[in-house]
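Structure first, commentary second.
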């Protein structure tokens, strides 16, 4: 059986910048012939501390290769990182439809070197699968010897490497070998010993700090930290005590917007590696239950994240905590699947967070007939609403199309303000695969009409000319034919008409119950006139 271990060249950290520059300058160097070079941090034998610093190597290379581009991938989605790379290469992806930007990238007049730091830290959460998406994505496929070259810095613990990857494994700290290296090495400031370089067994890290490392979003409100500590098993941890811990250990912790964060994310990664599967499961189950219990408190018409740091953590982190609630059981995602079925919660979770958690929960397999699958299929169709309320409206449309009345009714109950709401739909939703979606067939055009005086929608199908008419309020089928335009039935010829310009709009506020909808006001009746009345214009 073939090995899945990548063939990486071991290079001392102090010599790695030289080796990368040599590979870049020598077009025949076999180190990474496809243009993508993995720069892999080495961990200690116990799997704990990181004994090398690939980020420092990238900075040294950037100083020596004048046209190189240095980017940090921390916290970014795969799409965001790709946009940043293209922008740095002066390729405006927004100008080109579909994948036309790929041909623009290939037209680059000169070879370019892109240095990506901390690729294993991509995503809004620590467990994110964004790095894996990027690892096998478009940017890697575009690398080649004559054009784009990428050096991607990763940690071995991320589990991204396989036998097809080529590059450098950093082999412990070493002194630079010549004066040129010493100069570039000394220009990069760095603490003598980083917390992440210390094995957990060498320092009695406080349990509060170990609990904080199991947070999913990297910026953590004190109240969330206290809940993490409770899930860890600590009793009566107060926010005041946590504040004192931050003050006492500024080398470990920083005050961030609305909470705290690790001064060195590598320490969080090290402590997470040390946590037992049972501890990870217990903490994440506790956090899932606790965050769900806050739903009424953090409710906001624009989504949880609009309400402040606590709501932001819940919006970004709840789905991933639910994914990790079965950390000690492979191929199980019961907690996440239960969460996805609750529309009052899902309405507040961003599309990207929902997709990312689903990817992690089900190992990249897209399910069906739930909101997580809806999020993925809509994304594939280019539906990426900018506001949480609009995203909830799309979820309502998808649930309505799938016939999931329970989920659809739960979205308005979430308290989120949807700018529109589907009354009914005959649409086959993206990803929909069911006999129910075979009718009414392909629709090429929709138009507002009147059917025997009542508001209606007419659809013209393709490639055969098919005309269907549905009641605008209820979706009830009113008429239909598969005849050619010149052979429309007499029923359609006499029943259809255009709406008159003076007719009032059919207004409906999706965020108000029917009892609060504006009611039509009585209009004064015109006096009979002797002249003949105009006939309604018919569709022919």
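Could you please find all residues in the range 133-155 being over 25 Å from residue 26 (Cα atoms) and free of Cβ contacts under 8 Å to residues at least 40 places away in the same chain?
136
For the range 60-94, give me each residue that is closer than 29 Å to residue 274 by Cα and either modelled with pLDDT under 90 or part of a helix (DSSP H, G or I) (or both).
Listed by number, the list holds a single entry, 78.
Working only within the range 106-126, note down all residues that are buried (at least 19 other Cβ atoms within 10 Å of the Cβ) and outside any strand (DSSP E or B).
118, 119, 120, 121, 122, 123, 124, 126
I need the full set of residues from the range 252-267 which are free of Cβ contacts under 8 Å to residues at least 60 places away in the same chain and in a loop (DSSP other than H, G, I, E, B), in order please.
252, 257, 258
Can residue 402 be described as under 25 Å from residue 459 (Cβ atoms) and outside the structural domain of residue 302 (by TED's automatic domain parsing)?
So residue 402 does not fit the description; no.
What residue, among those in the range 242-251 that are touching a residue at least 24 places away in the same chain (Cβ under 8 Å) and part of a helix (DSSP H, G or I), is surrounded by the most Cβ atoms within 10 Å (Cβ to Cβ)?
Restricting to residues being touching a residue at least 24 places away in the same chain (Cβ under 8 Å) and part of a helix (DSSP H, G or I), the top hit is 242.
Which count do you get for residues in the range 429-440 that are over 28 Å from the mean Cα position of the chain (by Cα) and touching a residue at least 40 places away in the same chain (Cβ under 8 Å)?
1
Run down 294, 222, 228, 271 and say which single residue is over 29 Å from residue 348 (Cα atoms) and surrounded by 17 or more Cβ atoms within 10 Å (Cβ to Cβ).
271
Considering only residues that are closer than 18 Å to residue 301 by Cα and touching a strand residue (DSSP E or B) at 6+ places or on another chain (Cβ under 7 Å), which ones fall in the range 315-361?
Scanning the range 315-361 gives a single hit, 316.
Is it true that residue 55 is in a loop (DSSP other than H, G, I, E, B) and touching a residue at least 60 places away in the same chain (Cβ under 8 Å)? Give the steps one after another, and end with the answer.
Details: in a loop (DSSP other than H, G, I, E, B): no; touching a residue at least 60 places away in the same chain (Cβ under 8 Å): yes.
So residue 55 does not fit the description; no.
Could you grab me the full set of residues in the range 68-97 that are surrounded by 17 or more Cβ atoms within 10 Å (Cβ to Cβ) and either in the same structural domain as residue 218 (by TED's automatic domain parsing) or at positive phi (or both)?
75
Condition first: at pLDDT 90 or above and part of a loop (DSSP other than H, G, I, E, B). Now tell me which residues in the range 1-25 satisfy that.
Selection gives 12 alone.
What about residue 142, is it crowded, with 16+ Cβ neighbours inside 10 Å, closer than 21 Å to residue 57 by Cα and in the same structural domain as residue 72 (by TED's automatic domain parsing)?
No.
Evaluate the following for residue 457: is it crowded, with 17+ Cβ neighbours inside 10 Å and at pLDDT below 95?
yes
The values are calculated or read from the model by the stated rules, or taken from the named source; none is laboratory data. All values reported here derive from a predicted model rather than from experimental measurement. Note that we place each Cβ from the backbone using ideal geometry, even for glycine, and neighbour counts take in every protein chain shown.
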